[in-house]
Amino acid sequence: MDEKFLKPYDPTETEPRIYAQWEQSGFFNPDTCIAAGAAKPDAPTFSIVLPPPNVTGRLHMGHALMLAVEDTLVRFKRMQGFRTLWLPGTDHAAIATQSVVEKKLKKEEGRSRHDLGREELLKRVEAFATESHDTIVKQLKTMGASLDWSRETFTLDEARNKAVRTVFKQMYDAGLIYRGLRIVNWDPKGQTTISDDEIVYEERTAKLYTFRYSKDFPIPVATTRPETKVGDVAVAVHPDDTRYQQYVGKEYDAVFCDVPIHINVVADKDVDPEFGTGAVGVTPAHSKIDWEIAERHNLSHENIVINEYAKMTVPGRLEGKKTTEARELVIEWLKSEGLLEKEEDTRQNIATAERTGGIIEPLPKLQWWIAVNKEIPGRGKTLKELMLEPIERGEIRFVSEQFEKVYRHWIENLRDWCISRQIWYGHRIPVWYRGEEIAVGEAPEDEGWTQDEDTLDTWFSSGLWTFSTLGWPETTPDLSAYHPTDLIETGYDILFFWVARMILMTEFALGTVPFKTIYLHGLVRDAQGRKMSKSLGNNLDPLDIAAKFGADAARMALMVGNTPGTDMRISEDKIKGYKHFANKLWNITRFILERTEGVELAAEFTQADAAIRDELSALAKDVTADLEAYRIHLAAEKLYHFTWHRLADEILEESKPILLGEDAAARASRARLLRDTLDTLLKLLHPFMPFVTEEIWQRIPNQSEKLLMVAAWPR
RNA sequence: GGGCGAUUAGCUCAGUUGGUUAGAGCGCACGCUUCACACGCGUGAGGUCACAGGUUCGAAUCCUGUAUCGCCCACCA
């Protein structure tokens, strides 16, 4: 017996060595598996694209969970003989990455992006992205991820750029991408537009003020943002509100806090007569709803009073003031003029930007949009319909069915998607202007063209991920073999951002689904159930965890008892438990090898041993069925339980007298049973705990299959 | 305001299509230097499955309602 078994299992020494061995074997690449006979050339395929981690730093435990689940499924399928592809890549994560670099720049050098300029900033961001990428790859390998590195991609590399330009052009030609002036969510801190999905609402107490524009203005108006009232063009009331009907259609002039304003009184059904005074001051340039009201009543949109830095642009005492300062000044002025009628507390949800925390300032801006409710020429359907159909037809199914309703509900309320961003890192919008002319897709060859300054929302390129990574728009063998992919596995928090956008993009560009099954995992929280975050300092780094307990232990701890779609708690104690389990398996092996060394292995089992062999076959079947149905938590728990409490506690114990006994036939049968059981169990456990099982496997004498990772799955 | 989910042992959670006596890990108590393993072994305590009705031969599981907690979406000026 290998002397190594005399000491406890040491994952830190083992894991990097084993990973190097796997990598060297080339079996992460399905082509190598075929060449080596580990998969048949015509075997069915199984493919997953790795949800590309953002190059914003390093991986956290949520990523570790994702890797554990995906690697387990991939290894399972590979051992079953599928042509299995798990394709790695990273995401440039435009806003997220640029804002990390900008923050660093500010902190370390006290400079802004404008001090550096576009080109220099991009150099900095790219350097940072490269560094992050390398860290992330190291972490992925540490977790044991059997990714095909020969096919690695990046959302911003040349091939992916090409895919982005191609889809953009196709959508533009189909009339689905358009440029339009609308109220956008402007983040004054990040100096960019963001989409509705990037908004986080924070509940706060705010003051609701009731006032009149002037002494002779007949209708009192309630507002939480008095400073915007210098931009008002109308007062809207409900059409049935008898209090105000007599004023509808009338116009008034006033000088509001040094600013001359002209107010139309209009009737609009969107006004709630119960709220405030039942009358809304309409500020078209600084409120989405007001913009719509103004459109319905042909009122001016152009009355902009706040700029991109959230400062007032009107002449007079407010000029150049921040909105918050201006608010105070307006209240002061209202009081001094005797126009303020009431001041009360109200609860308010304030819109903030997810990445920067800046308070969103609605502003009218010329932006690029994707129309989701417009019929696609030649297809008779809208993008929204394309997003719903595969779910309805059952071509895509959710592992946790509750998400189907959530998804539908989101789609039904979907509005046009704003895809342009005023940041520099990302895919530059593939549009060029020359006077009145416009060119889309590829840069024109001739002189005088200027490219659009903006970049694309990062989710535009992520939406193409399942097929851009396989070589589209070229028709590659990979694309036809591995697309649609079998599974997408990611956190439920990016169902809308990403999963929905992949369905949209793939249905549009390829007319197929991007994947057949959606497996959404929950959040990984700390032992107290809190979100892991930098500010709380309760983050666990997969690298540290692997160094302390081994990647195998981390993987098991993340999978056992964790049902898809549900948040879980993780603690070092739990992970330690599975480190012990790896050691238990190690010692089981030691026992079996020691006690069967030199014992002749029987050809036939005794009746008792045949029963145990059947029990094991039943377990194998059970685990297989669980994995095929994505019940990973159950499979893992069953294996744990069998290994420790059936095999070690019972079978090994009752084997002791048999192996030391006089009955040679029983001894030979039991020896063979134990060796067979160990082999089978190592195979069954390998997808979950790849390192320790592989290490043991290679130290068992007379092993017929060399690498456990491509050994045949028990059937 | 609309939607989704949860409530099972002290704690964290499983429990697949309704089917024996409801399980695991951790923790706890007691005892073990037993020749695979103290990263261990043995024994044990601990549950009205949130509550109230209903369906059923049978309910933690299905239905209705209530309570509490959590999350998502929308958002009132």
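Yes/no per residue for (1) closer than 26 Å to A:K138 by Cα; (2) more than 7 Å from RNA strand B (Cβ to nearest atom):
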{"site": "A:D544", "(1), (2)": "yes, yes"}
{"site": "A:R555", "(1), (2)": "yes, yes"}
{"site": "A:T563", "(1), (2)": "no, no"}
{"site": "A:S571", "(1), (2)": "yes, yes"}
{"site": "A:N583", "(1), (2)": "yes, no"}
{"site": "A:T589", "(1), (2)": "no, yes"}
{"site": "A:E604", "(1), (2)": "no, yes"}
{"site": "A:V623", "(1), (2)": "no, yes"}
{"site": "A:I632", "(1), (2)": "yes, yes"}
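Only one of the listed residues (A:A310, A:A222, A:A234) is touching a Leu at 6+ places or on another chain (Cβ under 7 Å) and within 19 Å of A:I350 (Cα to Cα). That residue is A:A222.
At least 1 residues being surrounded by fewer than 24 Cβ atoms within 10 Å (Cβ to Cβ) and not polar (S, T, N, Q) is the threshold, and among the helices (runs of 4 or more DSSP H) wholly inside region A:465-514 those reaching it are A:477-482, A:501-509.
Residues are listed down the side, and each one gets a yes or a no for (1) part of a helix (DSSP H, G or I); (2) at pLDDT 95 or above:
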| residue | (1), (2) |
| --- | --- |
| A:A43 | no, yes |
| A:T56 | no, no |
| A:L67 | yes, yes |
| A:I95 | yes, no |
| A:S99 | yes, no |
| A:R124 | yes, yes |
| A:A127 | yes, yes |
| A:T135 | yes, yes |
| A:L140 | yes, yes |
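Can you name the residue in region A:383-403 that is near RNA strand B (Cβ under 9 Å from one of its atoms) and in a helix (DSSP H, G or I) and is also modelled with the highest pLDDT among such residues? Per the criteria, the residue is A:F403.
Of all residues in region A:601-616, count the ones that are in contact (Cβ under 8 Å) with a residue 60 or more places away in the chain, assigned to a helix (DSSP H, G or I) and either touching a strand residue (DSSP E or B) at 6+ places or on another chain (Cβ under 6 Å) or surrounded by fewer than 18 Cβ atoms within 10 Å (Cβ to Cβ) (or both). The total comes to 1. If I ask for residues that are surrounded by fewer than 18 Cβ atoms within 10 Å (Cβ to Cβ), over 21 Å from A:L470 (Cα atoms) and either within 21 Å of the chain's Cα centre (by Cα) or free of Cβ contacts under 8 Å to residues at least 12 places away in the same chain (or both), which ones from region A:129-175 would you list? A:T130, A:E131, A:D134, A:T135, A:K138, listed by residue number.
Looking only at residues in region A:334-382 that are away from RNA strand B (no atom under 16 Å from the Cβ), among the hydrophobic types (A, V, I, L, M, F, W, C) and in a strand (DSSP E or B), the one that is surrounded by the most Cβ atoms within 10 Å (Cβ to Cβ) is A:W368. Kindly evaluate A:E308 against the criterion of being away from RNA strand B (no atom under 13 Å from the Cβ), part of a loop (DSSP other than H, G, I, E, B) and under 34 Å from the mean Cα position of the chain (by Cα). In short, yes. Per the conditions (1) closer than 30 Å to A:M556 by Cβ; (2) touching a helix residue (DSSP H, G or I) at 6+ places or on another chain (Cβ under 9 Å), the sole criterion not satisfied by A:D134 is (2). For region A:583-600, a residue qualifies if it is among the β-branched types (V, I, T) and in a helix (DSSP H, G or I), and the qualifying residues are A:I588, A:T589, A:I592, A:T596. Among residues of region A:626-654 that are surrounded by fewer than 17 Cβ atoms within 10 Å (Cβ to Cβ), those with a beta-carbon under 6 Å from a residue that is outside any helix (DSSP H, G or I) at least six positions away or on a different chain give the pairs A:E637/A:V560. Restricting attention to region A:257-289 and to residues that are touching a helix residue (DSSP H, G or I) at 6+ places or on another chain (Cβ under 6 Å), near RNA strand B (Cβ under 10 Å from one of its atoms) and part of a loop (DSSP other than H, G, I, E, B), the residue that is nearest to A:V221 (Cα to Cα) turns out to be A:T283.
The values are calculated or read from the model by the stated rules, or taken from the named source; none is laboratory data. Since the structure is predicted, the reported quantities are computational estimates derived from the model, not experimental observations. Every residue, glycine as well, gets a Cβ built from its backbone with ideal geometry; the counts of neighbours run over all protein chains shown.
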